[in-house]
Amino acid sequence: MTATIRLGELAEFLGATLRGSPEKEITGLATLQEAGPAQLSFLANPQYRKYLVDCQAAAVLLKAADAEGFIGDALVVADPYLSYAKASHLFDPKPKAAGGIHPSAVIAPDAQVDPSASIGAFAVIESGARIGAGVTVGAHCFIGARCEIGAGGWLAPRVTLYHDVRIGQRVVIQSGAVIGGEGFGFANSKGVWHKIAQVGGVLIGDDVEIGVNTAVDRGALADTVIGNGVKLDNQIQIAHNVQIGDHTAMAACVGISGSTRIGKHCMLAGGVGLVGHIDICDNVFITGMTMVTHSITEPGAYSSGTAMQPAAEWRKSAARLRKIDDMARRIKQLEKRVGDVTPGGNASSEG
Amino acid sequence: MTATIRLGELAEFLGATLRGSPEKEITGLATLQEAGPAQLSFLANPQYRKYLVDCQAAAVLLKAADAEGFIGDALVVADPYLSYAKASHLFDPKPKAAGGIHPSAVIAPDAQVDPSASIGAFAVIESGARIGAGVTVGAHCFIGARCEIGAGGWLAPRVTLYHDVRIGQRVVIQSGAVIGGEGFGFANSKGVWHKIAQVGGVLIGDDVEIGVNTAVDRGALADTVIGNGVKLDNQIQIAHNVQIGDHTAMAACVGISGSTRIGKHCMLAGGVGLVGHIDICDNVFITGMTMVTHSITEPGAYSSGTAMQPAAEWRKSAARLRKIDDMARRIKQLEKRVGDVTPGGNASSEG
Amino acid sequence: MTATIRLGELAEFLGATLRGSPEKEITGLATLQEAGPAQLSFLANPQYRKYLVDCQAAAVLLKAADAEGFIGDALVVADPYLSYAKASHLFDPKPKAAGGIHPSAVIAPDAQVDPSASIGAFAVIESGARIGAGVTVGAHCFIGARCEIGAGGWLAPRVTLYHDVRIGQRVVIQSGAVIGGEGFGFANSKGVWHKIAQVGGVLIGDDVEIGVNTAVDRGALADTVIGNGVKLDNQIQIAHNVQIGDHTAMAACVGISGSTRIGKHCMLAGGVGLVGHIDICDNVFITGMTMVTHSITEPGAYSSGTAMQPAAEWRKSAARLRKIDDMARRIKQLEKRVGDVTPGGNASSEG
C-alpha cells in the first residue's frame, strides 16, 4: 500500500532544490524523530530544529537557512509545511474509489451523474440531483432532491444531504456530516411550540471541508451560506441562515446559532459558541470554549472563561466570584474611608 | 417546485382578515427586506416595522395595529409569527416520500407496517416493530426490535432507533439522530470499568422533534422519558434515565447527564451542560453555555461563565481570578485595619 | 422478551451468598424503590439504604453489613454494584444478531470474515479487512480497507471505520461513531488553507467502548492510539494523534485537540475541552466543562468555569470580573495607603 517516489521526482513535483541523490526512493512520511531511511520528513517549527542532528530520514524538507547546518539529504523549499502538505497526498493510503455506479445504488431516473463520478454501495440519489465530474459519493450517502455537487468533490461514506443543497467544486465532506437539516425553527404560542418549515437551502462554496458528524442546517427562508475555502472540523453545529466568509476555519465542537454572520479569514478554536443574530468581522481569532454573546467589529483575538485550577482552589474562587459585586463595593467604600483619613486620598481613588 | 396559492385561500387557511386582492398568487415566503412581488412576508418583531415602507412583498402577515399605516396588501392576524409558521408548510419544497415500502428495505416478517406508511431505500425494520399510519421512515433508517412509531411520524434518512424505543404521534427526527444507544454505565472495580447492560428503553411523547446527530440514550433500568411537545435541536446528548417535561426546548449542543429531571416549559440555550441526578423545576431558562451543577427549584433565568474580552485583557482577568480568594481576604483585613483608625468603622465592614 | 433465572443460579453465577429461596424466579432488574416481586435489585450507595425497608424486590444484592438488618431475600456480595453490572447482562433485552452474513452485505473478495461473525444488512466491508471470531457488525456499517476487528467485538448499526483502523478484542462501538476520519490538518499559505493528507491510522486496544456519534480521527503521520479498557461516551471528539492511556474514561461531549496525550485511569467529566499538544498524567480527574489549556503533571482533580447564578446577578458578576485587574490594583494601593497611617501596616500587606 505504500507509494514509492524518487527524491528527484519529489523535488520536481514540489519545485524544491534537491541536495542529495535524485534516485533515492521514498516510501512514506514521518516526523523528524520517527522517520526511517525510506521516509521523508520536514522541519517547519524552529522548535524541532534540535532533532535534525539525529534524524534518520531519507530526506528532509526545510528552508535554505536550516539546510546549511544539515548534513543529510534535503529538499530546500520556501515553506516546508506547505510543501509537506503537497507531498502528503502522494503517500496517502486512502483507497481510490472504484469508478462508476455501484449496482446497489438507488438513483432517480432524472438525476444526472457524470460518467467520471463514482457512486458507492447503497447510495441514494434523489430526483433532479446533479453529480459533477470526478465526484466520489461514498457508500450509504443520501443525496437529496435537486442537490448539486461540483466537480472533484469527495464525500466519505454515510454523508446526508437533504434536498436543495448546492455544493461547489473540490469539496470534501467527512462521514456522518448532515447538510441541510431542518433548523430549529418554532413559533411559541401559549407555551406550545409550532414548527416552521425551513424553506431555504444550503449554498457551499469551492474547496470547503466539512468534518465528521458536523451539521449545517438549511435556511429558514433564504439559504445558509458557507464561503469558499472554509474548513469546518468535526462535531460542529451551523444553524439556519448562518453565513461564513471565505477561508474561515473552525476547530471541533464549535456551535454557531442562527442568522449569525462570520467574516473572512477568521479562526474559531474548539468548543467556541456564538449566539444568534450577531456579526463577526474579518480576521477575528476566538480562543477555545469562548462564549461570544455580541458582535465583534475589530479584528483581533478574543476570549472568555476562567483558567483551570486544582478543584479545591477552584471551588473557593467560584464561591468568591459570586460575591465579586460585593467585593467591588467594599473596595469603593474603603477608598472613601481611607480618603477621609489620608491627605489628598479621595482624588486618586476613582477610576 | 414552488407552490402557488391565492391570497384569498391563504386568508381562509390562516383565519386572517384579508386586505387586498384574493386572486393575487403567492409562490413563496421571504423576509420584509427580501420579499418579491409573488412572496408573502410577515412582521412579528416590532424592530422590523421600519422595513414595511419599502416592502415589495405580495402581502404581509401583520397585526391590526401595524396594518393601519401599511398601504400594501395585508393578512391581518393576532399572531403573525404563528401564522407564518402555519403558512410556511404550504411552501415547503421538501419532497414528499413515495408511498409504500421501497423494494430494497429489509423488514422482519413479524414487523407491522401500516399500509399508509412510507419506508425508504435500504431501511431495516426489525422483529416486532410497529410503524403507524402515515409514518415516513427515510432511507438508511434502522428501526430496532419492538420499536413503535406513532401515526404521522417523520424520520429523515439515516435515523437509528435501537430496540424498545416507543415514540408517540407526529414526531420528527432529523438525520443522524440515535435513539436508545447504550448509556454510559460502568462499574469500576480496581481501576477497571465493567459494562452494565442498559436494560431500559426510551419513551418519547407526541409532537416531539429531535435534531440532527442528537443522541438519546436508553435507560439503565427504567426508561429515558421525553415528554410531549419537547423540541431538541442538533448535536444534543441526553444520557440514560433523563426525564424531560412537556414543551421544554433545548438549543444545539446541550448535554444532559444521567438521571437528571427537567421540568415543563423550560428553555436551555446552546451549549448548556447539566450534571447528573439533579432536578430542574418548570419554567426555567438557562442561558448559553451555562454549567448547571445543582438542582434549580425556582423558575427564572440562570447563567454561568464569563463575558468575552480581548484576549490580552482576558489573560489578566483570568490570572487575577485565580487570586480572588486572596483578594477577598485582603479586603477583609483592610476593613479591619481601617476600622481601627476611623471612628465607628468596624461596625459597617461586615455583612 | 424477559429472561427467567432462579435465585440459586444467580448466586452461583455471581459467587454470592444466598439468603432465601434458590427456586425463586427472577425476570428482571430494578431500583430498590421500583422493583417488583420478580425483580432483582441492589444496594450500592449507602444513601439508598432507607429504601430497603419497603423494598418489594424478589431479592437484593448487598454487602454483608447491609444484609444484617434486611429481612427479605438477599444475595450477599463484596461489591454489589459490580455484581449488578455482571447480572445486568443476563436480563439484557438487546436482540442477539443473527449469525452469518446478511445477503445484502457487500464484502470485498479479499476481506476475511470469521465464520462465527455476524454481518448485518447493507454492511460494506472493503478490501483486506479482517473481522474476528464472534464479531457483530451491525446493519449499515462501513468497514474500510485493511481494518481489523478483534474477536468478540460488537458494532451497532451504522458505524463507520475508515481504512486502516485496527481494533482489539471485545470492543463495543455505538451507532453513528466514526473512527478514522481525516483529522483537521491544513497548512495556511497566504490566508488559504491547503489540505494535508492524513496518512496515519487508528489503533484501539481491547475492551474499549466508543459512544454514539463519537469521532476518533486518524493520525496525521503516526496512529491515533486508544488504550485498553478506555470508555468514551457519546458525542466525543478525539483529534488526530491523540493518545489515551489504559482505563481512562470520558463522559459525553468531551473534545480532545490534536496530539494531546492523556494518561491511564483518568476521568474527564462531560463537556471538558483540552487544547492540543499537552500531556495529562495518570489519575487525573477533570470536572465538567473545564477548559484545559496546559499540561497536568500531578494527579488530582482540576476545574475551571464559574458557578451558576440567577441571570441578573450573573450579569453583575460578569461585568465586575472584567474589572478584576483594576480591583486588584486598587486593593494594593489601599494597602499601601493604609500602611502609611497604621503602625507596622505595610509589613503585612504583601505576599
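The values are calculated or read from the model by the stated rules, or taken from the named source; none is laboratory data. This one's a predicted model, so the numbers in the text were calculated from it and none came from an experiment. In this analysis, Cβ positions are derived from the backbone assuming ideal geometry, glycine residues included, and neighbour counts consider all displayed protein chains.
Summary table below
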{"read-out": "Qualifying residue in region B:166-183 (condition: at pLDDT below 95 and either in the same structural domain as B:Gln235 (by the TED database) or touching a helix residue (DSSP H, G or I) at 6+ places or on another chain (Cβ under 6 Å) (or both))", "value": "yes"}
{"read-out": "Out of C:Lys336, C:Lys231, sole residue that is outside the structural domain of C:Ala197 (by the TED database) and in contact (Cβ under 8 Å) with a residue 12 or more places away in the chain", "value": "C:Lys336"}
{"read-out": "Residue in region B:42-50 that is assigned to a helix (DSSP H, G or I), over 30 Å from the mean Cα position of the chain (by Cα), among the basic types (Lys, Arg) and over 29 Å from B:Leu155 (Cα atoms) present", "value": "yes"}
{"read-out": "Residue match in region C:178-188 (condition: among the charged types (D, E, K, R), within 24 Å of A:His89 (Cβ to Cβ), facing chain A (nearest Cβ under 10 Å) and not in a loop (DSSP other than H, G, I, E, B))", "value": "no"}
{"read-out": "Verdict on A:Asp217 being modelled with pLDDT of 95 or more and more than 11 Å from chain B (Cβ to nearest Cβ)", "value": "no"}
{"read-out": "Members of region C:196-211 that are buried (at least 20 other Cβ atoms within 10 Å of the Cβ) and not hydrophobic (A, V, I, L, M, F, W, C)", "value": "C:Gln198, C:Gly200, C:Gly201, C:Gly205, C:Asp207, C:Glu209, C:Gly211"}
{"read-out": "Options A:Ala129, A:Ala74, A:Ala111: the member that is crowded, with 21+ Cβ neighbours inside 10 Å and not assigned by the TED database to the domain that holds A:Glu12", "value": "A:Ala129"}
{"read-out": "Some residue of region C:244-254 being within 10 Å of chain A (Cβ to nearest Cβ) and over 14 Å from the mean Cα position of the chain (by Cα)", "value": "no"}
{"read-out": "Near pairs, Cβ below 8 angstrom, 6+ apart or cross-chain, from region B:5-22 (outside the structural domain of B:Tyr81 (by the TED database) and closer than 17 Å to B:Ala64 by Cα) to any residue that is of a type in the set (D, E, K, R) and loosely packed, with under 14 Cβ neighbours inside 10 Å", "value": "none"}
{"read-out": "Criterion violated by A:Lys190 - all others in (1) touching a residue at least 40 places away in the same chain (Cβ under 8 Å); (2) out of contact with any Asp or Glu (no Cβ under 9 Å at 6 or more places or on another chain) satisfied", "value": "(1)"}
{"read-out": "Residue count for region C:51-97, restricted to those that are part of a loop (DSSP other than H, G, I, E, B), in contact (Cβ under 8 Å) with a residue 40 or more places away in the chain and at the interface with chain B (Cβ under 10 Å from one of its Cβ atoms)", "value": "1"}
{"read-out": "Filter result for B:Val292 (facing another protein chain (nearest Cβ under 7 Å) and more than 21 Å from B:Val212 (Cβ to Cβ))", "value": "yes"}
{"read-out": "Conditions (1) more than 14 Å from every other protein chain (Cβ to nearest Cβ); (2) exposed (fewer than 15 other Cβ atoms within 10 Å of the Cβ): number failed by B:Ala3", "value": "(1)"}
{"read-out": "Which listed residue is touching a Pro at 6+ places or on another chain (Cβ under 8 Å), more than 9 Å from chain B (Cβ to nearest Cβ) and over 19 Å from B:Cys253 (Cα atoms), from A:Val202, A:Val284, A:Val230, A:Val225", "value": "A:Val284"}
{"read-out": "Residue, surrounded by the fewest Cβ atoms within 10 Å (Cβ to Cβ), within region C:314-325, restricted to residues that are part of a helix (DSSP H, G or I) and charged (D, E, K, R)", "value": "C:Lys316"}
{"read-out": "For A:Glu12: the one exception among (1) within 14 Å of chain C (Cβ to nearest Cβ); (2) at pLDDT 95 or above; (3) farther than 30 Å from A:Cys141 by Cβ", "value": "(1)"}
{"read-out": "Condition broken by A:Lys264, with the remaining ones in (1) more than 7 Å from every other protein chain (Cβ to nearest Cβ); (2) more than 17 Å from the chain's Cα centre (by Cα); (3) not aromatic (Phe, Trp, Tyr) satisfied", "value": "(2)"}
{"read-out": "Identity of the residue in region A:132-157, β-branched (Val, Ile, Thr) and either out of contact with any Asp or Glu (no Cβ under 8 Å at 6 or more places or on another chain) or within 22 Å of A:Asp217 (Cβ to Cβ) (or both), that ends up surrounded by the fewest Cβ atoms within 10 Å (Cβ to Cβ)", "value": "A:Thr136"}
{"read-out": "Conditions (1) within 9 Å of another protein chain (Cβ to nearest Cβ); (2) under 30 Å from A:Gln174 (Cα atoms); (3) buried (at least 24 other Cβ atoms within 10 Å of the Cβ): number failed by B:Val172", "value": "(3)"}
{"read-out": "Of all residues in region B:113-150 being among the charged types (D, E, K, R) and over 23 Å from the mean Cα position of the chain (by Cα), the one that is farthest from the other protein chains (Cβ to nearest Cβ)", "value": "B:Asp114"}
{"read-out": "Condition met for A:Ser303 (buried (at least 17 other Cβ atoms within 10 Å of the Cβ), more than 25 Å from B:Cys253 (Cα to Cα) and hydroxyl-bearing (Ser, Thr, Tyr))", "value": "no"}
{"read-out": "Boolean, A:Ala44 is within 14 Å of chain C (Cβ to nearest Cβ), touching a residue at least 24 places away in the same chain (Cβ under 8 Å) and out of contact with any strand residue (DSSP E or B) (no Cβ under 7 Å at 6 or more places or on another chain)", "value": "yes"}
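Yes/no per residue for (1) part of a loop (DSSP other than H, G, I, E, B); (2) not assigned by the TED database to the domain that holds C:Ala252:
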{"site": "C:Met289", "(1), (2)": "yes, no"}
{"site": "C:Ala307", "(1), (2)": "yes, yes"}
{"site": "C:Ala312", "(1), (2)": "no, yes"}
{"site": "C:Ile331", "(1), (2)": "no, yes"}
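So that you can scan it fast, the table gives a plain yes or no per residue for (1) over 32 Å from the mean Cα position of the chain (by Cα); (2) at the interface with chain C (Cβ under 7 Å from one of its Cβ atoms); (3) over 21 Å from B:Arg315 (Cβ atoms):
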position: A:Pro299; (1), (2), (3): no, no, no
position: A:Ser303; (1), (2), (3): no, no, no
position: A:Ala307; (1), (2), (3): no, yes, no
position: A:Glu313; (1), (2), (3): yes, no, no
position: A:Arg320; (1), (2), (3): yes, no, no
position: A:Asp326; (1), (2), (3): yes, no, yes
position: A:Ile331; (1), (2), (3): yes, yes, yes
position: A:Lys336; (1), (2), (3): yes, no, yes
